[in-house]
Amino acid sequence: MDKRKRAGDGYDDDPSRHYSWDNKVPNHSKIAVGDVIVLWDRVDLIGLSVIEYIETGEGDKDVKFCPFCGRADVASRKTMTPEYVCWKCNKEFDQPATKRVTVRTYRSRHEAGWIDLRGSLSAAELRQLCEKPKSQLSLRPLRWDDFRVRIEKGAARTPLGLVDSTQEVIAGGHRRTTVRARVGQPDFRRHLLGTFGATCAFTGPVPEQALEAAHLYSYAANGRHYKSGGLLLRRDLHRLFDLGLIAVDTATKTLDVSTELTDYPNYARMHGKPLYVALTPAHLKWLSEHWSMHRTAA
């Protein structure tokens with residue numbers, strides 16, 4: 001399966017939710033549902049996800065082309081003059097010619113499996129993990145196995161198991177379910193706020209704006225919101241919980257903080273602390289499964 005990355009080009013992208021392109025972009029037709037998409041902003045890696053769905057349509061676009069040979073292989077140069085060069089005929093010019101054309105548009109939906117990796121790799125490091133490191137294409141194949149090792153074993157040490165479970169769900173024909181689950185997320189959060197108030201289950205009262213609705217199970221692999229299957233967590237703790245770096249020992253109803261967080265006192269001191277909310281039998285069931293996944297299995 002192809003694994004792809006792209007550079008920013010002015011589309012209305014929201015990296016954690018959707019990414020847009022059109023049929024004028026090289027490799028535009030090679031992206032498919034179930035592919036892993038890795039996004040960056042020319043400076044740093046942003047994150048990755050699995051494409052759940054691709055919306056298609058039509059739109060208008062101004063296309064730049066070489067005024068000498070008519071090809072669209074033109075590029076802007078920030079430090080050289082003339083500013084533009086044609087990669088086909090090698091002519092240089094101050095301004096490209098333009099024309100308005102109708103294009104077929106594509107937009108991926110990929111929220112369910114999103115893993116934020118901001119700052120884990122620089123753009124230069126990421127380019128070296130592409131099949132063609134010197135490529136200037138927005139959509140280009142990535143050496144997935146090498147990339148995965150760098151993320152899971154490198155300084156960030158971020159597990160990518162969510163990618164595998166999301167791909168399994170999509171392969172099983174459940175991608176529409178993951179979209180429906182996203183639609184219900186605001187109601188799910190409101191329900192949790194009504195139940196617990198503005199309280200992080202791990203650290204206590206915090207401003208409502210700092211809280212996220214955390215599923216105690218993988219909604220990417222489950223496709224449903226269970227009212228008894230969530231707690232409110234601060235955003236950073238939500239992330240660490242999803243990665244299994246923080247878990248709940250259901251035998252003692254206390255927090256278990258991974259040794260990987262030992263160097264971070266604010267997290268390390270949470271180890272062994274009780275939760276700030278009462279847990280129902282349903283909560284304990286989901287938390288027990290989370291524990292089995294991230295502690296027993298390990």
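The values are calculated or read from the model by the stated rules, or taken from the named source; none is laboratory data. Predicted model only: the values in this text are computed from it and were never measured. Using ideal geometry, Cβ is built from the backbone for each residue, glycine included, and neighbour counts are taken over all protein chains shown.
General observations
- Exactly one residue out of Ala124, Ala155 is exposed (fewer than 12 other Cβ atoms within 10 Å of the Cβ), under 22 Å from Thr262 (Cα atoms) and out of contact with any Ser or Thr (no Cβ under 7 Å at 6 or more places or on another chain): that is Ala155.
- Within region 78-121, considering residues that are farther than 20 Å from Arg140 by Cα and among the polar types (S, T, N, Q), the one surrounded by the fewest Cβ atoms within 10 Å (Cβ to Cβ): Thr79
- Unique residue being of a type in the set (Lys, Arg), surrounded by 15 or more Cβ atoms within 10 Å (Cβ to Cβ) and assigned by TED's automatic domain parsing to the domain that holds Phe202 when the list is Arg269, Arg239: Arg239
- The residue of region 119-161 that is nearest to Leu245 (Cα to Cα), among those that are in the same structural domain as Arg42 (by TED's automatic domain parsing) and among the hydroxyl-bearing types (Ser, Thr, Tyr), is Ser120.
- Matching residues in region 260-293 - criterion: being under 20 Å from Ala156 (Cα atoms), in contact with a helix residue (DSSP H, G or I) (Cβ under 9 Å, 6 or more places away or on another chain) and either hydrophobic (A, V, I, L, M, F, W, C) or at pLDDT below 95 (or both): Leu261, Thr262, Ala268
- Selection count where residues are touching a strand residue (DSSP E or B) at 6+ places or on another chain (Cβ under 9 Å) and either among the aliphatic types (A, V, I, L, M) or farther than 18 Å from Val25 by Cα (or both), scope region 77-102: 14
- Total residues in region 76-117 satisfying the condition of being within 31 Å of the chain's Cα centre (by Cα) and among the acidic types (Asp, Glu): the figure is 2.
- Residue in region 100-116 that is acidic (Asp, Glu) and at pLDDT below 90 present: yes
- Residue identified as at pLDDT below 85, more than 30 Å from Thr280 (Cβ to Cβ) and not aromatic (Phe, Trp, Tyr) among Val163, Val183: Val163
- Taking region 135-159 as the range and being charged (D, E, K, R), assigned to a helix (DSSP H, G or I) and either farther than 20 Å from Ala32 by Cα or touching a residue at least 12 places away in the same chain (Cβ under 8 Å) (or both) as the test, the residues that pass are Asp146, Arg148, Arg150, Glu152, Lys153.
- Scanning region 272-294 for residues that are of a type in the set (Phe, Trp, Tyr) and surrounded by fewer than 18 Cβ atoms within 10 Å (Cβ to Cβ) yields a total of 1.
- Qualifying residue in region 217-228 (condition: over 19 Å from the mean Cα position of the chain (by Cα), modelled with pLDDT under 85 and closer than 21 Å to Asp164 by Cβ): yes
- Some residue of region 120-134 being over 29 Å from the mean Cα position of the chain (by Cα) and not in a loop (DSSP other than H, G, I, E, B): no
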